[in-house]
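Scroll down for the structure; my scribbles are underneath it.
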Amino acid sequence: MNVLFVNYHHFASNSAIHIFNLANRLVARGHGSVVAVPDGVETVATLGTPRFKAVTYEDVRVGRVPFDDGGQPALVHAWTPREGVRRLTEEAVRRWRSPYCVHLEDNEELIAAEQLGTSWPALAAMSTADLDRVIGPGLSHPHRYRAFLAGAAGVTVIIDRLLEFVPPGVPGEVIWPSFDDELFKPMRPDRELRRRLGLADADRVIVYPGNVHAANLDEMRSLYLAVAILNRRGTRVKLVRIGEDFADPLGAELADLRAHIVTAGRKPHLDIPRYLALADVLVQPGRSDAFNDFRFPSKLPEFFAMGRPVVLPGTNVGRFVTDGEEAVVLKDGTAMEIADAVGRILADPDTAERLGRGARAFAERALSWEKSADMLRRFWERVASRLTRADDEATLAAAVRHYAQFVVPPIGYATVRDFCDSFDHLPVLARANNDMKDVQRAWTFKAVVGAVKPGGALLEIGAGTPLVADLLARAGYRVWVLDPYDGRDRGPSALPFIRAQFPRVRIVRGLFPDGLTPDMPDRFDGIYSISVLEHLPADTIEPVFRAMDRHLAAGGASVHAVDHVHLGAGDADHLDRLKRMVRAMGYAEAALEAVLARLADDVDAYFLSAEAHNAWRGTTDYDSFPMRRCISVQLFKRMA
């Protein structure tokens with residue numbers, strides 16, 4: 001797929017770092033990539049060697065997008081909905097008749113309001129003509145950006161809270177930024193650089209790479225004051241600042257604090273690791289508010305990667321780290337709290353060493369450009385799949401008719417034949433993940449349609465992103481979903497966004513069966529699950545199956561696709577759980593053993609691919625997460 005990225009600034013911006021790393025990896029995966037910036041194309045060299053082509057907005061306007069295959073963009077990805085990006089994206093869409101996606105990385109409404117010294121409601125109340133005069137290319141337009149999002153084929157976001165801005169019915173995906181592991185890694189401080197910056201041997205160092213502007217002025221002032229507090233307490237601390245000041249964090253009344261600040265100015269991205277390596281502690285100031293809750297500070301992946309102790313607020317990334325092990329998480333972000341946290345670290349070398357190791361471990365576990373690029377690729381393919389269905393409702397109606405007589409055995413396993421059939425008739429499910437869920441979701445849809453007539457009441461246990469539930473609801477079923485939506489097992493947590501995306505499905509937060517609510521049917525015509533039951537604690541399997549039996553109507557269907565490690569690490573535990581499930585459904589273990597024995601010699605058996613396993617592995621070392629022979633076991637039962 002040829003993709004045109006449109007960024008709001010040249011390659012000296014943090015957003016361009018994200019695009020640079022994603023585009024390079026997507027080219028390696030076979031996607032054509034061209035990145036358009038307003039000007040300063042040559043700044044791409046400050047980030048390394050691009051595998052993609054960099055062009056200006058003017059190049060795009062005249063149709064000059066040099067994809068390697070000589071083709072045109074199949075998709076435009078607008079990096080923020082800001083006016084300059086929006087206008088060029090819409091020009092490109094008109095020229096090439098291609099769909100577009102939008103990337104969100106900030107609370108655009110707050111940024112526009114603060115830049116213009118007013119409130120968002122006041123801006124929205126202005127006339128379009130007046131707004132056109134005050135909203136520049138670097139801000140989002142109150143009358144236009146929402147419509148721009150609503151017209152997108154999909155929206156990617158840098159942190160989950162931004163999903164709240166995604167309009168209902170528009171697919172969304174969280175894509176975390178990462179770090180360049182060739183640049184950002186634990187390293188010794190450069191003594192010559194310390195000397196050039198005027199740092200004495202006794203000085204302890206905090207390094208902050210980033211600009212000061214209206215939106216972060218207060219929290220930067222807290223960091224400056226924290227440094228002053230530490231010095232007053234007798235701990236010699238210098239703050240090395242990289243970046244530019246578009247607002248003064250000190251002012252005349254705090255001018256004496258400048259003695260503790262070393263201003264290094266703007267530096268090329270390739271030089272940043274040398275400065276971060278000077279730090280004894282890396283601090284991201286801030287607190288939970290309308291600015292920080294909706295961002296992912298791009299410096300944080302680099303902080304964690306350096307293996308230095310990290311101090312950060314209990315919002316955005318701070319919600320995902322273990323306090324006291326991978327970082328120190330601030331509660332309020334005041335200057336005093338920052339000073340206390342940094343002071344404890346500087347006073348205890350063992351604590352500092354533990355936090356540094358934990359920070360690096362978090363970077364290796366949770367932050368990966370490879371993983372993020374794969375997520376973006378899968379999202380594009382899912383969006384493309386939705387767009388290529390010529391008649392959505394007609395395709396769905398045909399699928400329901402096609403599978404009305406679909407019959408499954410009590411115990412079975414996924415096959416390549418079934419996957420290929422799904423690819424032909426249920427592309428929206430068979431192309432969604434590029435892993436085993438693609439065969440599981442489609443099989444579950446078929447099994448439910450074959451066992452329960454449209455109009456029946458269905459319950460999905462642990463749906464995550466409820467693609468099957470949505471398709472069944474659109475096919476005329478009454479569908480409820482019960483899921484904790486708390487992020488466990490890499491599942492989603494943004495429940496308001498999930499509900500907005502899938503308005504036809506009745507979605508309830510909770511665990512089965514305790515989370516069932518009075519407004520649900522007491523008995524369902526079908527209860528199903530997809531890649532859920534294998535995660536249950538072993539001693540809860542039988543009670544869960546008993547509860548499903550209690551809540552199924554006479555003739556109701558129990559349908560489950562179960563991840564199973566047939567061979568490899570964890571296979572004995574998986575087999576034990578599977579046997580418990582089979583017994584709980586009233587079947588003999590011998591029947592399961594016969595099915596598994598047949599599978600071993602069946603060339604048509606569907607196994608998890610190496611590519612899908614590698615995506616599951618993420619940043620985990622292969623020896624810690626080796627390939628396993630994984631299958632999907634299919635369980636079916638009809639109540640008497």
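The values are calculated or read from the model by the stated rules, or taken from the named source; none is laboratory data. Because the structure is predicted, anything quoted here is derived from the model rather than measured. Note that we place each Cβ from the backbone using ideal geometry, even for glycine, and neighbour counts take in every protein chain shown.
Things to note:
- Flag for Ala359 being at pLDDT 95 or above and within 28 Å of His77 (Cβ to Cβ): no
- Residue count, the range 322-379 (criterion: more than 29 Å from Ala432 (Cα to Cα) and assigned to a loop (DSSP other than H, G, I, E, B)): 9
- Some residue of the range 178-186 being of a type in the set (D, E, K, R), surrounded by fewer than 13 Cβ atoms within 10 Å (Cβ to Cβ) and not assigned by TED's automatic domain parsing to the domain that holds Trp79: yes
- Residue among Arg617, Arg629, Arg580 that alone is modelled with pLDDT of 95 or more, on the phi < 0 side of the Ramachandran plot and in the same structural domain as Gly555 (by TED's automatic domain parsing): Arg580
- Looking at the range 1-116, the helices (runs of 4 or more DSSP H) lying wholly inside it that each contain 2 or more residues that are buried (at least 22 other Cβ atoms within 10 Å of the Cβ) and either in contact (Cβ under 8 Å) with a residue 24 or more places away in the chain or among the polar types (S, T, N, Q) (or both) sit at 14-28, 83-96, 108-115.
- Filter pass, Ala463 being in a loop (DSSP other than H, G, I, E, B) and buried (at least 21 other Cβ atoms within 10 Å of the Cβ): yes
- Residue that is modelled with the lowest pLDDT, among those in the range 240-261 that are in contact with a Leu (Cβ under 7 Å, 6 or more places away or on another chain) and crowded, with 20+ Cβ neighbours inside 10 Å: Pro249
- If you filter the range 571-600 down to residues that are surrounded by fewer than 13 Cβ atoms within 10 Å (Cβ to Cβ) and under 26 Å from Trp616 (Cα atoms), you find that the one that is farthest from the chain's Cα centre (by Cα) is Ala600.
- Close pairs from the range 405-421: first more than 12 Å from His560 (Cβ to Cβ), partner assigned to a loop (DSSP other than H, G, I, E, B) and among the aromatic types (Phe, Trp, Tyr), Cβ under 7 Å, at least 6 apart: Ala414/Tyr606; Thr415/Tyr606; Val416/Tyr606; Phe419/Tyr606
- Every condition in (1) over 30 Å from Trp79 (Cα atoms); (2) part of a helix (DSSP H, G or I) holds for Gly234 except the one numbered (2).
- Selection status of Leu270, part of a strand (DSSP E or B), within 24 Å of Ala16 (Cα to Cα), hydrophobic (A, V, I, L, M, F, W, C) and outside the structural domain of Gly48 (by TED's automatic domain parsing): no
Each row is one residue, and each column tells you yes or no for (1) touching a Phe, Trp or Tyr at 6+ places or on another chain (Cβ under 7 Å); (2) among the charged types (D, E, K, R).
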residue	(1), (2)
Leu533	no, no
Leu536	no, no
His564	no, no
Asp571	no, yes
Glu593	no, yes
Ala605	yes, no
Glu611	no, yes
Ala615	no, no
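- Apart from one condition, Thr263 fits all of (1) assigned to a strand (DSSP E or B); (2) within 23 Å of Phe20 (Cα to Cα); the exception is (2).
- Any chance Leu282 is part of a helix (DSSP H, G or I) and in contact with a helix residue (DSSP H, G or I) (Cβ under 7 Å, 6 or more places away or on another chain): no
- Residue satisfying all of: in the range 395-414; hydrophobic (A, V, I, L, M, F, W, C) and in contact with a Phe, Trp or Tyr (Cβ under 6 Å, 6 or more places away or on another chain); surrounded by the fewest Cβ atoms within 10 Å (Cβ to Cβ) among these: Val408
- Annotation: of all residues in the range 601-629 being without any contact (Cβ under 8 Å) to a residue 24 or more places away in the chain and in a helix (DSSP H, G or I), the one that is nearest to the chain's Cα centre (by Cα) is Arg617.
- Beta carbons closer than 8 Å, at least 6 apart along the sequence or on distinct chains, pair a first residue in the range 274-287 that is in the same structural domain as Val237 (by TED's automatic domain parsing) and on the phi > 0 side of the Ramachandran plot with a second that is among the β-branched types (Val, Ile, Thr) and in a loop (DSSP other than H, G, I, E, B) for Gly286/Thr315.
- Hey, Ala432 in contact with a Leu (Cβ under 7 Å, 6 or more places away or on another chain), part of a loop (DSSP other than H, G, I, E, B) and touching a residue at least 40 places away in the same chain (Cβ under 8 Å) or not: yes
- Matching residues in the range 515-552 - criterion: being among the aliphatic types (A, V, I, L, M) and either surrounded by fewer than 16 Cβ atoms within 10 Å (Cβ to Cβ) or assigned to a helix (DSSP H, G or I) (or both): Leu533, Ala538, Ile541, Val544, Ala547, Met548
- Tally of residues being at pLDDT below 95 and assigned to a loop (DSSP other than H, G, I, E, B) across the range 297-308: 2
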